[in-house]
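Heads up, the thing below is written out as structure tokens.
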Amino acid sequence: MGKDKKEQEPVFLRKKITLLRAFSLLIGSMIGSGIFISPKGVLKNSGSVGLSLVVWFACGVLSMFGALCYAELGTRITKSGGHYIYILETLGRLPSFLFLWAEFFAIRPANSAVISLAFGSYMLEPFFAPCEPPVPAVKLVSLLGYYMILALNSWSVTWSGQLQTALSVVKLLALALIIVPGMMLLAQGHTENFEDAFDRQSLVLDKLPLAFYAGMFAYSGWFQTSFVREELVRPERNIPLAVIVSVITVIVGYMLTNVSYYTVLESRDVLASPAVAVSFAQQAFKSLTSVIPILVSLSCFGTMNGGIFTFSRTLFVASREGQWPPLFSMIHIRRHTPLPAVMLMFPLVTTMVCIGDIYHLLNFFSFSRWLFIGLATLGLIVHRCRHPELQSPFKVPLFIPISFTIICLFTVAMSFYSDPVNISIGCAIVLSGFPVYYLIIHKQMSDCFRSPLYYLTHKLQLLLEVVQQEIKTY
């Protein structure tokens with residue numbers, strides 16, 4: 001009887017994300033592979049130590065601007081879905097579908113592949129030092145880590161949330177182990193690596209957008225609470241509070257971490273290193289050389305968890321809005337997890353991990369990501385103009401969304417000159433969504449396509465034991 005009663009409970013996504021879990025989700029999503037792999041990309045494309053630190057701080061301020069805009073959007077628009085739902089509610093169905101198309105085929109699988117590859121590389125580093133781990137082994141371990149996170153998010157929202165909280169502590173510990181010895185050496189007068197910090201000889205202005213892409217990738221994750229808005233406890237209060245505290249924490253941590261890197265390592269060491277945190281540990285303290293890579297890999301593991309947790313909600317909401325197959329708005333009858341949405345990324349991420357390279361993938365997906373984030377904050381300005389009567393419990397000064405939108409769109413435009421090949425591929429993927437939208441989404445699907453789709457959906461529904469959400473929580 002107990003089991004029958006449990007199976008008869010309403011099926012919907014529960015409000016299980018408290019303020020602490022929201023903070024952990026943001027910290028766990030921001031502090032991941034980025035701070036351990038991006039310093040090389042920022043330095044390479046900025047040209048000097050001093051300018052790279054300026055880029056890191058500017059990326060932090062820009063991330064705070066974006067996070068504040070999304071916090072206001074999260075109090076104005078009560079649905080989950082992040083970028084997708086904000087663009088849908090403010091700019092319309094076509095831009096939102098183009099984002100969804102690019103997110104599924106380019107942004108999210110490439111981002112997950114980058115983090116997975118960083119996880120695999122750092123996990124194997126202690127076993128192959130001083131040599132680099134074999135590429136096939138890195139890819140195999142990367143995929144195993146990703147599949148473990150998929151299984152966990154399919155099994156339990158509570159367990160994935162608890163794991164995110166625990167790994168957030170690990171992430172902060174990893175940063176502390178880099179910051180403390182670096183600050184101690186700096187206090188002892190080891191400032192030689194900061195001499196001629198703003199050397200102009202190696203400055204190449206047309207590469208600065210790529211430096212910002214690398215830096216913003218490290219900060220990316222400040223928008224994660226917007227994907228799970230319907231599952232947040234007291235979202236009007238907890239979204240702004242979690243965003244502000246977490247972004248400030250990460251800015252301070254990242255600046256201190258980079259100063260520590262440059263205190264111990266020369267710029268040529270950073271550029272030559274396949275894993276900056278490992279090179280730092282080898283120079284700073286021999287005894288923890290094997291500990292740092294493990295902590296970094298666990299940090300990447302947490303970022304993968306946060307990414308899967310939130311992206312599955314985007315597909316869930318898009319399906320509910322009629323822009324994605326109906327199967328992906330269904331929830332497991334006992335686990336109350338969006339199982340089909342969680343599992344959908346499996347083939348694309350596997351493919352990109354097998355064939356991809358971290359830095360090419362980074363430029364490839366950054367174009368589309370920042371284009372649509374800029375459009376989402378533009379949507380905030382539009383929403384304010386259309387609904388002046390709406391009293392939002394959290395409101396930012398208008399210059400913040402205007403500045404953030406202009407910077408995002410300008411950086412996206414400049415990146416065509418910096419890396420035309422990868423950016424053009426990303427642009428082509430976005431544009432390929434136009435015919436799909438007008439042929440399938442905008443027009444009613446013909447019966448010859450509708451009937452087989454319904455039949456397949458029904459069979460998969462029975463196989464996966466999922467049903468439509470019975471009540472809405474927004």
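The table below gives the values:
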{"item": "Matching residues, segment 211-225, being closer than 14 Å to Y417 by Cβ and open to solvent by less than 10 Å² (accessible area, probe 1.4 Å)", "result": "A211, Y213"}
{"item": "Of the criteria (1) open to solvent by less than 70 Å² (accessible area, probe 1.4 Å); (2) modelled with pLDDT of 75 or more; (3) under 30 Å from C59 (Cα atoms); (4) of a type outside the set (D, E), which one I406 fails", "result": "(1)"}
{"item": "Any hit, segment 75-91, residues being at pLDDT 90 or above, within 13 Å of F372 (Cα to Cα) and open to solvent by 30 Å² or more (accessible area, probe 1.4 Å)", "result": "yes"}
{"item": "Qualifying residue in segment 163-175 (condition: farther than 20 Å from T18 by Cα and free of Cβ contacts under 8 Å to residues at least 12 places away in the same chain)", "result": "no"}
{"item": "Which numbered condition D199 fails, given (1) outside any loop (DSSP other than H, G, I, E, B); (2) over 21 Å from T411 (Cα atoms)", "result": "(1)"}
{"item": "Matching entry among I244, I239 (being among the aliphatic types (A, V, I, L, M), part of a helix (DSSP H, G or I), touching a residue at least 40 places away in the same chain (Cβ under 8 Å) and open to solvent by 10 Å² or more (accessible area, probe 1.4 Å))", "result": "I244"}
{"item": "Total residues in segment 334-355, condition over 22 Å from A106 (Cβ atoms) and open to solvent by 40 Å² or more (accessible area, probe 1.4 Å)", "result": "2"}
{"item": "Residues of segment 371-393 classified as in contact with a Pro (Cβ under 9 Å, 6 or more places away or on another chain) and either charged (D, E, K, R) or crowded, with 18+ Cβ neighbours inside 10 Å (or both), total", "result": "7"}
{"item": "Residue, modelled with the highest pLDDT, within segment 409-428, restricted to residues that are β-branched (V, I, T) and buried (at least 22 other Cβ atoms within 10 Å of the Cβ)", "result": "V412"}
{"item": "Lone unmet requirement of (1) modelled with pLDDT of 80 or more; (2) surrounded by 13 or more Cβ atoms within 10 Å (Cβ to Cβ) for R234", "result": "(2)"}
{"item": "Answer residue from segment 285-305, given it is modelled with pLDDT under 75 and in contact with a helix residue (DSSP H, G or I) (Cβ under 8 Å, 6 or more places away or on another chain) and is farthest from T350 (Cα to Cα) among those", "result": "F285"}
{"item": "Filter pass, L68 being among the aliphatic types (A, V, I, L, M), open to solvent by 10 Å² or more (accessible area, probe 1.4 Å) and part of a helix (DSSP H, G or I)", "result": "yes"}
{"item": "Filter pass, I115 being part of a helix (DSSP H, G or I) and within 19 Å of S368 (Cα to Cα)", "result": "yes"}
{"item": "Test: residue in segment 122-129 that is aromatic (F, W, Y), farther than 29 Å from S319 by Cβ and surrounded by fewer than 20 Cβ atoms within 10 Å (Cβ to Cβ)", "result": "yes"}
{"item": "Exclusive hit being at pLDDT 80 or above and among the hydrophobic types (A, V, I, L, M, F, W, C), set V228, V252", "result": "V252"}
{"item": "Options F97, F57: the member that is in contact with a helix residue (DSSP H, G or I) (Cβ under 7 Å, 6 or more places away or on another chain) and either open to solvent by less than 30 Å² (accessible area, probe 1.4 Å) or of a type in the set (G, A, S) (or both)", "result": "F97"}
{"item": "Meets criteria (open to solvent by 10 Å² or more (accessible area, probe 1.4 Å), touching a helix residue (DSSP H, G or I) at 6+ places or on another chain (Cβ under 8 Å) and either on the phi < 0 side of the Ramachandran plot or not hydrophobic (A, V, I, L, M, F, W, C) (or both)) for V169", "result": "no"}
{"item": "Contacts under 7 angstrom Cβ, first residue in segment 42-59 being more than 15 Å from Y219 (Cα to Cα), partner open to solvent by 10 Å² or more (accessible area, probe 1.4 Å) and of a type in the set (K, R), 6 or more apart", "result": "N45/K207"}
{"item": "Residues of segment 348-367 classified as modelled with pLDDT under 85 and out of contact with any Ser or Thr (no Cβ under 9 Å at 6 or more places or on another chain), total", "result": "8"}
{"item": "All positions within segment 131-161 that are more than 15 Å from G120 (Cα to Cα), in a helix (DSSP H, G or I), in contact (Cβ under 8 Å) with a residue 60 or more places away in the chain and small (G, A, S)", "result": "S154, S160, G161"}
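The values are calculated or read from the model by the stated rules, or taken from the named source; none is laboratory data. Note that this is a predicted model, so its numbers are computed, not measured. Counting neighbours? That spans all protein chains shown, and the Cβs are built from the backbone with ideal geometry, glycine included. Side chains included, ligands, DNA and RNA excluded: accessible areas come from the protein's heavy atoms. Shrake-Rupley method; radii C 1.70, N 1.55, O 1.52, S 1.80 Å.
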